[in-house]
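For reference, the structure discussed in these notes is given below.
The values are calculated or read from the model by the stated rules, or taken from the named source; none is laboratory data. Source: prediction; values computed, not measured. Cβ atoms come from the backbone with ideal geometry, glycine included; neighbour counts cover every protein chain shown. Areas reflect the complete protein model, heavy atoms only, side chains present, ligands, DNA and RNA absent. Shrake-Rupley method; radii C 1.70, N 1.55, O 1.52, S 1.80 Å.
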Amino acid sequence: MASLDIIKKTVSEIVFELTGKEFETSKVNISPTPKEFNGDYTILIFPMVSLFRKNPEETGKLVGEKLKEKLDFINEYNVIKGFLNIEIYSSFWISVLDKIIATEHFGKWDQNEQNVMVEFASPNTNKPLHLGHIRNILLGWSVSKILEYAGYNVKTTQIVNDRGIAICKSMLAWEKFGDNATPENENIKGDLFVGNYYVLFDKKFNEEYKDWQKSNEANNIFKSQNEIVDREEFFKKYKNDYFNNYSKLGSESREMLLNWERKDEKTLDLWKMMNSWVLTGFDQTYDKLGVSFDKTYFESNTYVLGKDIVEEGLKNKVFYREEDGSVWIDLTDVSMDKKIILRSDGTSVYITQDMGTADLRYKDFAAEKMIYVVGNEQDYHFKVLFEIMKRLGRSYADGLYHLSYGMVELPSGKMKSREGTVVDADDLIAEVIKEAKNSALERGEIAGLDDEAKEEIYRLIGMSALKYFILKVNPQKKMLFNPEESVDLQGQTGPYIQNAYVRILSILRKYDEKNHTSEFGKYNQVNGFEKALLTLLSDFPDIIKQAANDYSPALLANYLYELAKKYHKFYAEVRVLNAETEESKNFRLALSKEVANVLKSGMELLGIGMPDKM
């Protein structure tokens, strides 16, 4: 709350004025006064006692008297041991609500003219979007919306990984076992259809590998190795070697990749067809999640980027060339290792592509900040990339940021796409909407609505349950996704916040707008529940700024929960429509309306829509 900052600053000035010694604003400890004492806020006196060389009570009285003298909104104060309790005039709280009402789009910051790019999603075209992608997508979308609300000019992008050996595995499986099936004639969503062939490839490969282990060739390889190791354990570790050197399916996959790189017409036609199936499926899921992109990049185009930067780096001695012709950078001076930039055969590695893509995006968007939403298994990769761009002298290098997030696991363990043990995004969305529907039918509160309106409410509640469950967790933390807990409509959940919003709308609908007057200036009995709501409401702009600075939707999500919880408490303890006076009723209606506005604005920044009824 802005008033708290004023109080902290004034306390710091008072200490210097009375003692001649510095007392930083950050050291001023202020919090809401406990219910058993009189006051609105309590200042901890103990940290400044040694500067005054007086006991805590005398120090508190000196600070309290000066505060009352300097700040006209402070009514009274009292000191209990080392605690200074201050009471604020009701007129101050009235002015706080007046200011919030008068501010259009309260919490939204003015444009700062800075361009920001947020990259998220970035899926592979060999499998459907799953639970792990959902966390990535929801984080990226919410961060982009929060940054926009904080005043930045934001562009959203994704890079689709549509080339490589994994893509060829799906293509080969369809070619060998698909019998010309299509998503349309199988009535399967395109990305799921192609993902099934990726799983099928792994199944067929494992069958092939199991049969090969019985061969003389496999026996000779096992006997020739020097270590004494269990046969089963040996072949578990030998799987990649088998794929690269002996497997028929492995050989066919690599040949297909080479054909793709040679631009073989048949291979490219197959690739384009299967890619189109997957991309259509992705778009359908993005639409369900309510996200979109200003620009999509494809690795099939970007993998050739960066080689001109290699030449630039060699010329400026940022990179060096080994005898075999490969190009490297030495980062040992900043506690990283030597990193290959270009292979000896002249082909690029991922870091080469990312250098080129960064330059391309800067050219496209002139972005001072580029936010990469990528899992924490890529932490080292991005440290290397950002250091390279700094050494290359890129003007945007200091604005590069890796929004590293923890992986999502199931109670049963990690998900594996090859084995088909992922939680499909579409299935998950359907499940939470179904649970929301069951819950709503049990309560029977929307029985009077038509079917279309009901289905929209089920969707809004279900998506709120899913999105809030994901976004309330600090991005850096690994999270365990429990489907049952995610659709719980009680506790710290999205539907709980939606319920506070719907409750306020219900109050406002019951009130006869014709008799409404906004006059509440004479209301002078602002109570503790109202003060608590006003304090939280006043924090909203700062929460937006902090969430933007930290790239953390969790800060906003948890703030909205606290606001909803305090409103539910306010509703239970304070009369609104049948308030004691007309002024108190008007004040509480206006306060309720502003709480609803902030809840709606904040939830929309999390990508969560608000229903009118539940």
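One table, with the values for the structure above:
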item: Test: residue in the stretch 374-382 that is at pLDDT 95 or above and crowded, with 21+ Cβ neighbours inside 10 Å; result: no
item: When residues of the stretch 171-195 are limited to those that are of a type in the set (Asp, Glu) and under 18 Å from residue 279 (Cβ atoms), the one surrounded by the fewest Cβ atoms within 10 Å (Cβ to Cβ); result: 184
item: Test: residue in the stretch 282-290 that is out of contact with any Lys or Arg (no Cβ under 8 Å at 6 or more places or on another chain), under 15 Å from residue 163 (Cα atoms) and assigned to a helix (DSSP H, G or I); result: no
item: The one condition in (1) crowded, with 19+ Cβ neighbours inside 10 Å; (2) in contact with an Asp or Glu (Cβ under 9 Å, 6 or more places away or on another chain) that residue 405 fails to fulfil; result: (2)
item: Odd one out for residue 613, checked against (1) under 30 Å from the mean Cα position of the chain (by Cα); (2) open to solvent by less than 30 Å² (accessible area, probe 1.4 Å); result: (2)
item: Some residue of the stretch 230-237 being over 41 Å from the mean Cα position of the chain (by Cα) and outside any helix (DSSP H, G or I); result: yes
item: Test result for residue 198, surrounded by 19 or more Cβ atoms within 10 Å (Cβ to Cβ), over 30 Å from residue 283 (Cα atoms) and not acidic (Asp, Glu); result: no
item: Breaking point among (1) open to solvent by less than 70 Å² (accessible area, probe 1.4 Å); (2) under 30 Å from residue 563 (Cβ atoms); (3) free of Cβ contacts under 8 Å to residues at least 40 places away in the same chain, for residue 19; result: (2)
item: Subset of the stretch 47-81 [charged (D, E, K, R) and either more than 44 Å from the chain's Cα centre (by Cα) or open to solvent by 80 Å² or more (accessible area, probe 1.4 Å) (or both)]; result: 53, 54, 57, 58, 61, 65, 66, 69, 70, 72, 76, 81
item: Given (1) in contact with a helix residue (DSSP H, G or I) (Cβ under 6 Å, 6 or more places away or on another chain); (2) modelled with pLDDT of 95 or more, index of the condition residue 269 fails; result: (1)
item: Subset of the stretch 136-164 [in contact with a strand residue (DSSP E or B) (Cβ under 9 Å, 6 or more places away or on another chain) and aromatic (Phe, Trp, Tyr)]; result: 141, 152
item: Tally of residues being of a type in the set (Asp, Glu), more than 24 Å from residue 532 (Cβ to Cβ) and under 39 Å from the mean Cα position of the chain (by Cα) across the stretch 21-46; result: 1
item: Set 214, 263: member being under 30 Å from residue 354 (Cβ atoms), outside any helix (DSSP H, G or I) and open to solvent by 90 Å² or more (accessible area, probe 1.4 Å); result: 263
item: Set 175, 113, 148, 184: member being charged (D, E, K, R), in a helix (DSSP H, G or I), over 15 Å from the mean Cα position of the chain (by Cα) and farther than 30 Å from residue 248 by Cβ; result: 184
item: Meets criteria (at pLDDT below 95 and closer than 19 Å to residue 372 by Cα) for residue 129; result: yes
item: Contacts under 6 angstrom Cβ, first residue in the stretch 427-439 being among the small types (Gly, Ala, Ser), partner buried (at least 17 other Cβ atoms within 10 Å of the Cβ), 6 or more apart; result: 436/458; 436/461; 436/462; 439/489
item: Meets criteria (closer than 18 Å to residue 294 by Cβ and assigned to a helix (DSSP H, G or I)) for residue 170; result: no
item: Test set (1) among the aliphatic types (A, V, I, L, M); (2) open to solvent by 10 Å² or more (accessible area, probe 1.4 Å); (3) touching a helix residue (DSSP H, G or I) at 6+ places or on another chain (Cβ under 6 Å); (4) outside any loop (DSSP other than H, G, I, E, B) - residue 258 fails condition number; result: (3)
item: Residue that is surrounded by the fewest Cβ atoms within 10 Å (Cβ to Cβ) [pool: residues in the stretch 82-119 that are of a type in the set (Gly, Ala, Ser) and under 22 Å from residue 531 (Cα atoms)]; result: 102
item: Lone qualifier among 236, 204 - being basic (Lys, Arg) and surrounded by 14 or more Cβ atoms within 10 Å (Cβ to Cβ); result: 204
item: Among (1) modelled with pLDDT of 75 or more; (2) within 16 Å of residue 561 (Cβ to Cβ); (3) within 18 Å of the chain's Cα centre (by Cα) - the single one residue 477 does not satisfy; result: (2)
item: Which numbered condition residue 605 fails, given (1) closer than 22 Å to residue 118 by Cα; (2) open to solvent by 20 Å² or more (accessible area, probe 1.4 Å); result: (2)
item: Filter result for residue 182 (hydroxyl-bearing (Ser, Thr, Tyr) and touching an Asp or Glu at 6+ places or on another chain (Cβ under 7 Å)); result: no
item: Failed item in (1) open to solvent by 70 Å² or more (accessible area, probe 1.4 Å); (2) touching a strand residue (DSSP E or B) at 6+ places or on another chain (Cβ under 8 Å), with residue 40 passing the rest; result: (1)
